[in-house]
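Novice: I am attaching a structure below and will ask some questions about it afterwards.
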Amino acid sequence: MPEIAARAHVDRLAPIVEAVLADAGVALADVDAVAATAGPGLIGGVMVGLVTGKALAHAANKPLIAVNHLEGHALSPRLVAADLEFPYLLLLVSGGHCQLLLVKGVGDYRRLATTIDDAAGEAFDKTAKLLGLGYPGGPAVERIARDGNPHAVPLPRPLVGSAEPHFSFAGLKSAVARAAASDAHSVPDLAASFQQAVVDCLVDRSRIALAACPDATAFVVAGGVAANGAIRTALTDLAARFDRPFVAPPLWLCTDNGAMIAWAGAERFAAGLFDDLSVAARPRWPLDPAAETVRGAGVKA
Ligand code: KG4
Ligand code: ZN
């Protein structure tokens, strides 16, 4: 509910800014710059955040840094792995996105693949809903999947084996819906089998991208779905097969958080990348502007 989300941002943001500064023992006058998310996402909330950032920057006479939410996810691993160097291959798996990106530098991203329909987290959320597990779906599915057999329910692995490393999850979700409607399987078996299908898709697609990026210094996963233990384990094995270090941020840094935006702001600050107070909030904002719309894709290019 975009309107309620935007109003909640208005209510909470000023007290949070005050609390965070107090907690850090820092005055606004002491910060070097103000970073704020400028998109992509539900525009109401993004606008409240960006306008607040602009107001703080203007009042304190500090530079403004507009951060792409996806760039926050993309650079967050460097907050905890100081030796992680560009270029690295990133699997970005969240509620709104499922992409493979070559992170070449701050502000320099090449998108190798994206989803042609649902994002991975969206598939978890929709599956949780149809299994009656609540929201957010990812943690709920992961929890109940521990009691299930990942090979109990035959489910498709969309796009597995295709030459380009794109993703598709809509058909998988529909197959879970049909299997659930048949009443032939337990909820734990359905959840475990669904999660295994997602693991197999992510591993196969990442394998293609790793093979195409011999220069990548490491294989990195980020975004809310990177909190999933089964996915982390499978990706660890994949990176080992390619003899590449595997980097996954701690769980608190995987799901959406302010620290990753502050960190991306610090990286942009170090690179001398600043923004004007006239910068606009963007509901859509691809990390790689040169990336083409994928054939067969729905809205999530
Ligand atoms: O990155 P994020 O916090 O927000 C977006 O930018 O979308 O990702 C949220 C997504 C949700 O779809 C949620 O279900 C999923 O991440 N997620 C998980 C897990 N924890 C969060 N998916 C699978 N397993 C988890 N443990
Ligand atoms: Zn996110």
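Novice: Which one of Ala222, Ala234, Ala211, Ala218 is closer than 28 Å to Ser168 by Cβ, within 16 Å of ligand 2 (Cβ to nearest atom) and aliphatic (A, V, I, L, M)?
Specialist: That would be Ala222, the only listed residue that is closer than 28 Å to Ser168 by Cβ, within 16 Å of ligand 2 (Cβ to nearest atom) and aliphatic (A, V, I, L, M).
Novice: Follow-up question, since we're still on this one. Residues that are small (Gly, Ala, Ser), more than 9 Å from ligand 1 (Cβ to nearest atom) and buried (at least 20 other Cβ atoms within 10 Å of the Cβ), at least 2 per element: which helices (runs of 4 or more DSSP H) completely within the stretch 220-275 meet that?
Specialist: 258-270
Novice: Any residue that is under 22 Å from Ser206 (Cβ atoms) and assigned to a helix (DSSP H, G or I) - is there at least one of those in the stretch 151-165?
Specialist: No, the stretch 151-165 contains no residue that is under 22 Å from Ser206 (Cβ atoms) and assigned to a helix (DSSP H, G or I).
Novice: Then there is this: Suppose we filter the stretch 59-76 for residues that are within 16 Å of ligand 1 (Cβ to nearest atom) and not β-branched (Val, Ile, Thr); how many remain?
Specialist: Count: 9.
Novice: Take the residues in the stretch 120-139 that are within 10 Å of ligand 1 (Cβ to nearest atom) and part of a loop (DSSP other than H, G, I, E, B); name whichever of them is farthest from Ala222 (Cα to Cα).
Specialist: Taking the stretch 120-139 and keeping what is within 10 Å of ligand 1 (Cβ to nearest atom), we get 120-128, 135-139.
Checking which are part of a loop (DSSP other than H, G, I, E, B) leaves us with 135-136.
On the way: Tyr135: 20, Pro136: 17 Å.
Across the stretch 120-139, the extreme among qualifying residues is Tyr135.
Novice: For the stretch 127-157, give me each residue that is buried (at least 20 other Cβ atoms within 10 Å of the Cβ) and of a type outside the set (A, V, I, L, M, F, W, C).
Specialist: Hits for the stretch 127-157 are Thr127, Gly137, Gly138, Glu142, Gly148.
Novice: Further, regarding this structure: Check the stretch 101-110 and report whether any residue there is assigned to a loop (DSSP other than H, G, I, E, B), more than 18 Å from Leu251 (Cα to Cα) and within 15 Å of ligand 1 (Cβ to nearest atom). Before you say what the answer is, go through the steps one by one.
Specialist: Taking the stretch 101-110 first, the residues assigned to a loop (DSSP other than H, G, I, E, B) are 106-107.
Subsequent filtering for residues that are more than 18 Å from Leu251 (Cα to Cα) retains 106-107.
Going one step further and asking which of them are within 15 Å of ligand 1 (Cβ to nearest atom), we end up with none.
Among the residues of the stretch 101-110, not one is assigned to a loop (DSSP other than H, G, I, E, B), more than 18 Å from Leu251 (Cα to Cα) and within 15 Å of ligand 1 (Cβ to nearest atom), which makes the answer no.
Novice: Hey, another quick one. Can you pull out the residues in the stretch 243-267 that are out of contact with any strand residue (DSSP E or B) (no Cβ under 7 Å at 6 or more places or on another chain) and away from ligand 2 (no atom under 16 Å from the Cβ)?
Specialist: Asp243, Pro245, Ala266, Glu267
Novice: Name the single residue, out of those in the stretch 28-42 being small (Gly, Ala, Ser) and open to solvent by less than 50 Å² (accessible area, probe 1.4 Å), that is nearest to ligand 1 (Cβ to nearest atom).
Specialist: The qualifying residue nearest to ligand 1 (Cβ to nearest atom) is Gly41.
Novice: On to the next question. Starting from residues that are in a helix (DSSP H, G or I) and either touching a Lys or Arg at 6+ places or on another chain (Cβ under 9 Å) or modelled with pLDDT under 95 (or both), keep the ones in the stretch 199-219 and report whichever is farthest from Glu142 (Cα to Cα).
Specialist: Leu210
The values are calculated or read from the model by the stated rules, or taken from the named source; none is laboratory data. What you are looking at is a predicted structure, and each value in this text was computed from that prediction instead of being measured. A quick note on method: Cβ atoms are made from the backbone with ideal geometry, for glycine too, and the neighbour counts reach across all protein chains shown. Accessible surface areas use protein heavy atoms only, side chains included; no ligands, DNA or RNA. Shrake-Rupley method; radii C 1.70, N 1.55, O 1.52, S 1.80 Å.
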